[in-house]
Amino acid sequence: MNAYVRERLAGAIVGVNAFQIRRDPIQVDSSTTKRGAGSSAVRSSRPRMSHTSSAPFRTRKRSRCSRGGPPPTADVAWRNRTIGDAFVFGVTAPYQIVQDYRLAAGDPLTDLDVRERRLVAVLGFDVAEKLFDDAARAVDQRVRVRG
């Protein structure tokens, strides 16, 4: 059972060799239901981590940064089709490697995409299937996020 958990579940949740640096501790109580996990009613006196200040943690190839807290949701639309409340993550390119994502079609997000702030997106398989009926049809299409 330990081997199963280690191989199947631990890597799927945060990664076997992963850790998080958070501004605020994760709260596991009834107050998280309204404000979201990790939020706080009082402003934290701890400094925010910026892309620049996270540089020492990104020295390894398999490190990544993402926005903390619960992921925001938004409507994602293509033509007359809309998926409501899809999770939207702002991440660096290595996020895909650390999370061990496999692309069904298209190219992964690159460091150049991030550096040049290109308007690109990697759609989750379910979103691509619902909008395009086939994930491969999503490649090189324009979608709208929050209008």
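The values are calculated or read from the model by the stated rules, or taken from the named source; none is laboratory data. Worth saying up front: this structure is predicted, and the values here are computed from it rather than measured. Note that we place each Cβ from the backbone using ideal geometry, even for glycine, and neighbour counts take in every protein chain shown.
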Spans of helices (runs of 4 or more DSSP H) in region 54-147 with at least 1 residues modelled with pLDDT of 85 or more and out of contact with any Gly (no Cβ under 6 Å at 6 or more places or on another chain): 111-115, 125-132
Residue match in region 83-94 (condition: over 28 Å from Met49 (Cα atoms) and touching a residue at least 24 places away in the same chain (Cβ under 8 Å)): yes
Looking only at region 84-105, and only at residues there that are under 21 Å from Arg137 (Cα atoms) and crowded, with 16+ Cβ neighbours inside 10 Å, the one that is nearest to the chain's Cα centre (by Cα): Gln96
Cross-chain or 6+ apart pairs with Cβ under 9 Å, region 70-81 first and under 12 Å from Ala138 (Cβ atoms), then among the small types (Gly, Ala, Ser) and surrounded by 14 or more Cβ atoms within 10 Å (Cβ to Cβ): Val76/Ala86; Val76/Ala121; Trp78/Ala138
Qualifying position, being surrounded by 14 or more Cβ atoms within 10 Å (Cβ to Cβ) and assigned by TED's automatic domain parsing to the domain that holds Thr73, among Arg115, Arg146, Arg142, Arg137: Arg137
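Out of Ala121, Ala74, Ala86, Ala135, which single residue is out of contact with any strand residue (DSSP E or B) (no Cβ under 8 Å at 6 or more places or on another chain) and of a type outside the set (D, E, K, R)?
Answer to the selection: Ala135.
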